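Down below is the structure, laid out as structure tokens.
What follows is calculated from the coordinates using simple rules that are stated; it is not laboratory data. Just so we're clear, the structure is a prediction, and the values are computed from it rather than from any experiment. All Cβ positions, glycine included, derive from the backbone under ideal geometry; neighbour counts span all protein chains shown.
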Amino acid sequence: MRKVIFSLFLLQSSGYAAANTIVDTQDWITDGVFTQGIEGPAVDDAGVLYAVNHQQQSTIGKVTAQGQAKTLLTLKNGSIGNGIRFDKQGNMYIADYVNHNVLKVTKAALMQGGDLSQSVTVFAHDNRMDQPNDLAIMDNGILFASDPNWQASSGNLWRINTSGEVTLLEADMGTTNGIEVSPDNKTLYVNESVQRKVWRYELDEQGNISNKQLFISFTDFGLDGMRTDSQGNLYIARYGAGVVAVVSPKGKLLREIKLKGKHPTNVAFGGEEGKRLFITMQKRGAIEMAEVEFAGREK
């Protein structure tokens with residue numbers, strides 16, 4: 001979800017030709033079931049898919065294995081979710097870009113079912129975070145948050161440890177958006193939407209970053225959410241291009257997954273074998289699904 005949609009309109013250009021398209025999608029959730037602010041797809045350890053803004057803003061939607069969606073909870077105090085991640089214990093974390101929070105719903109609460117609006121707690125809060133956008137998580141539970149400023153085309157990168165302590169890792173970047181950890185937890189990827197660049201950092205067990213390098217850049221359209229598969233390939237939502245780019249761990253564009261819509265906001269792996277890629281689609285308010293070769297790293 002973008003606070004300033006106009007910034008992303010500027011990323012779109014005409015004459016785009018998708019190369020090496022080998023996978024198409026089908027609708028998992030049809031148009032209008034979610035709002036145009038649909039984002040944050042994430043799958044829990046039971047295989048249940050979640051995304052933000054089901055039917056109205058400030059909600060979290062739950063999607064069954066049969067592709068049926070319902071509202072799980074409504075966030076309070078004007079909070080609106082964006083990225084969602086799960087830790088190894090099954091707890092849910094939600095980036096709240098309105099109130100500078102990372103929110104939490106425990107696995108115990110998720111297992112209870114029903115309306116979980118009262119089960120949401122503030123896991124981390126820091127007013128220095130302009131609008132926490134997307135989340136990545138290490139196997140040990142350390143979180144990372146992208147933090148774009150769309151008006152200024154800038155952004156920051158944050159780490160949130162397992163006690164909820166927030167640390168600024170890098171300031172004055174481009175418009176930080178998609179963020180992901182490699183399967184071996186030794187690399188952190190961060191993209192900049194407006195600048196169309198993906199950066200990679202070396203990552204240690206404490207979540208410290210070093211040796212920043214340009215991983216891949218693009219000449220057109222925007223970049224949004226990202227996930228890695230079990231082989232370390234990075235799947236990048238190309239906002240406005242209508243594709244998900246699949247990039248090898250060495251930074252080589254392997255292929256592009258062509259989508260029905262043009263505005264993917266994020267991706268997540270799911271299905272029984274973890275080989276289904278779910279893609280949230282802004283404007284359509286839908287979720288598309290592609291069958292892929294490798295399972296996601298979190299399967």
Item checked: Cβ-placed point charges (K, R +1; D, E -1), dipole of the chain about Cα centre in debye, nearest 20 -> 480 debye
Next item on the list: Anything over 25 Å Cα to Cα? Flag those among K197/K258; K88/K275; K88/K250, in the order listed.
Entry: K88/K250
Item checked: From phi via Karplus (6.51, -1.76, 1.60), per-residue ³J(HN,Hα) for the range 27-32 in Hz, x at Gly/Pro -> 6, 8, 10, 7, 3, x
Next item on the list: Based on the mean of other Cβ atoms within 10 Å per residue, sort peptides 54-60, 207-213 so the most packed one is first.
Entry: 54-60, 207-213
Item checked: Furthest towards positive pole of dipole, S210, V243, T176, structure part the range 5-291, Cβ charges -> V243
Checklist line | Fluctuation leader among N156, N91, N82 - the chain, Gaussian network, Cα springs under 10 angstrom | finding: N91
Checklist line | Residue order, fewest to most beta carbons within 10 Å, for F34, F123 | finding: F123, F34
Next item on the list: Would you kindly derive the ³J(HN,Hα) couplings of the range 141-147 from the backbone phi angles with the Karplus curve 6.51 cos²θ - 1.76 cosθ + 1.60 (θ = phi - 60°), listing them in order in whole Hz, with x for Gly and Pro?
Entry: x, 5, 9, 10, 10, 7, 8
Check: In what sequence do L214, L223 fall when counting other Cβ within 10 Å, fewest first?
Finding: L214, L223
Next item on the list: Work out which GluC sites (Glu not before Pro) in the chain are exposed loop sites (DSSP not H, G, I, E or B, at most 14 other Cβ within 10 Å) and give the longest gap free of them.
Entry: 1-164
Next item on the list: Just add up the charged neighbours of M129: K/R +1, D/E -1, any other residue whose Cβ is under 11 Å from the Cβ of M129.
Entry: -3
Margin query: Show me, for the range 155-172, the HN-Hα J-couplings you get by feeding each phi into the Karplus relation (A = 6.51, B = -1.76, C = 1.60, θ = phi - 60°), rounded to Hz, glycine and proline as x.
Written below: x, 10, 10, 10, 10, 10, 7, 6, 9, x, 6, 9, 10, 6, 8, 7, 10, 6
Item checked: Cα-based shape type of the range 239-299, given that a ≥ b ≥ c are square roots of the gyration tensor eigenvalues and the cut on a/c is 1.5 -> oblate
Check: What shape does the range 127-210 have by the C-alpha gyration tensor, where a ≥ b ≥ c are the square roots of the eigenvalues, rounded means a/c under 1.5, and otherwise prolate means a/b greater than b/c and oblate the rest?
Finding: oblate
Note to self: Can you list residues from other chains, or at least 5 along the same chain, whose modelled amide H is less than 5 Å from the amide H of N266?
What the structure shows: G225, T280
Check: Of the cross-linked pairs K62/K260; K212/K260; K212/K283; K252/K283, which ones have a Cα-Cα span greater than 25 Å in the structure shown?
Finding: K212/K260; K212/K283; K252/K283
Note to self: Sort 115-122, 229-236 by the packing proxy (mean of other Cβ within 10 Å over each peptide's residues), most packed first.
What the structure shows: 229-236, 115-122
Checklist line | Global geometry of the range 86-143, whether rounded, prolate or oblate, following the gyration tensor of its Cα atoms and the 1.5 cut on a/c | finding: oblate
